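See below for the structure under consideration.
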Amino acid sequence: MQSLSRRPDGSTVLTVSGRVDADGASRLARLLHPATMPTTHLVLDMSGVTVLGAEGLAVLVDTSARLREHGGRLTIAIGDRLGAVLRAVEDARLERTLPLFDTVEHALAAPATREPATQ
């Protein structure tokens, strides 16, 4: 479901794939727990996610809020513009809350002061 890489600039890339429904969301929440995920910039590579349910969206929103509270940020690489993550975020009208990017490279390069929006 995941692979993790920490970068010299303080950012962390977590690759998530498969279903992020009730079961997947609880696993993702454990991975993103503050004690295990100390980072200033978390990039979630969700390009391999096939289902993103309401539970998964809630984990993303909570993680984003927690990181912002501590001066950090969350960006999300979605890969396919027709994929499950983009559909779920748009259906929930969370485009302004969860910053989406086509690639991990774009998500890593996003300025910290940028308003969240689909890129």
Taking the range 76-85 and the residues there that are surrounded by 13 or more Cβ atoms within 10 Å (Cβ to Cβ) and more than 11 Å from the chain's Cα centre (by Cα), the one that is nearest to residue 4 (Cα to Cα) would be 79
Filter the range 86-116 down to the residues that are assigned to a helix (DSSP H, G or I) and over 12 Å from the mean Cα position of the chain (by Cα), then identify the one that is nearest to residue 26 (Cα to Cα). 88
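Does residue 28 meet the test of being hydrophobic (A, V, I, L, M, F, W, C) and under 24 Å from residue 111 (Cα atoms)? Don't jump to the end; show me each part of the working.
Numbers: hydrophobic (A, V, I, L, M, F, W, C): yes; under 24 Å from residue 111 (Cα atoms): no.
It is false that residue 28 is hydrophobic (A, V, I, L, M, F, W, C) and under 24 Å from residue 111 (Cα atoms).
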Select the strands (runs of 3 or more DSSP E) contained entirely in the range 1-75, then report the ones holding at least 3 residues which are surrounded by fewer than 19 Cβ atoms within 10 Å (Cβ to Cβ) and at pLDDT below 90. 2-6
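The values are calculated or read from the model by the stated rules, or taken from the named source; none is laboratory data. As the structure is a computational prediction, the values presented were derived from the model and not from experiment. Please note: Cβ atoms are built from the backbone with ideal geometry, for glycine as well, and neighbour counts cover all protein chains shown.
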